Amino acid sequence: TRFPLSLEVRYAVSGRQTSLETGSGRTINLSSSGMSFTADGPLLIGQTLDVCLDWPVLLDGAIRLQLIISGKVVRTNGTMTALQIRRHEFRTRRADPGGGLEVAPE
């Protein structure tokens, strides 16, 4: 079952390329095995992506989380991309001294 969800995403194309392609977009839907999202531009079927999104629910009502997803592009239609999730993990976030947020070290 896919759940409709509209959250901002950031992604990077992973692989052996010397210049890493990055972009952003918004989720369309999400499940434990796949997600659909809009991207800045068209992505290629077969590309491996690392996707990061800020989770909308706080852990213990106070701790911000990020969902980190790695997967393979299985379908595209213009800027709409469907990703088969191969791995995912939640990471905690902390406030940095500048007032922004960053991923907490593992």
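The values are calculated or read from the model by the stated rules, or taken from the named source; none is laboratory data. Note that the structure is predicted; figures quoted are calculated from it, not measured. For neighbour counting, all protein chains shown are included, and Cβ atoms are generated from backbone atoms with ideal geometry for every residue, glycine included. The accessibility values were calculated without ligands, DNA or RNA, using every heavy atom of the protein model including side chains. Shrake-Rupley method; radii C 1.70, N 1.55, O 1.52, S 1.80 Å.
So which pairs qualify, if the first residue must be in segment 38-58 and under 15 Å from Glu8 (Cβ atoms), the second must be part of a loop (DSSP other than H, G, I, E, B), the Cβ gap must be under 6 Å, and the two must be at least 6 apart or on different chains? Listed pairs, sorted by first residue: Thr38/Thr79; Ala39/Thr79; Leu53/Leu7. Considering every residue within segment 38-48, establish whether at least one is at pLDDT 95 or above, within 12 Å of the chain's Cα centre (by Cα), open to solvent by 30 Å² or more (accessible area, probe 1.4 Å) and not polar (S, T, N, Q). No, segment 38-48 has no match at all. Only one of the numbered conditions (1) closer than 15 Å to Glu8 by Cα; (2) within 11 Å of the chain's Cα centre (by Cα); (3) open to solvent by 50 Å² or more (accessible area, probe 1.4 Å) is violated by His88, and that is (1). Scanning segment 49-79 for residues that are open to solvent by 50 Å² or more (accessible area, probe 1.4 Å) and among the aliphatic types (A, V, I, L, M), we see that the one that is modelled with the highest pLDDT is Val74. Considering only residues in segment 18-37 that are at pLDDT below 90 and of a type outside the set (Gly, Ala, Ser), the one that is nearest to Phe3 (Cα to Cα) turns out to be Glu21.
Scanning segment 12-37 for residues that are open to solvent by 20 Å² or more (accessible area, probe 1.4 Å), more than 11 Å from Thr81 (Cα to Cα), touching a residue at least 12 places away in the same chain (Cβ under 8 Å) and among the β-branched types (Val, Ile, Thr) yields one hit, Thr22. When segment 1-37 is limited to residues that are closer than 20 Å to Arg91 by Cβ and of a type in the set (D, E, K, R), the one that is farthest from the chain's Cα centre (by Cα) turns out to be Glu8.
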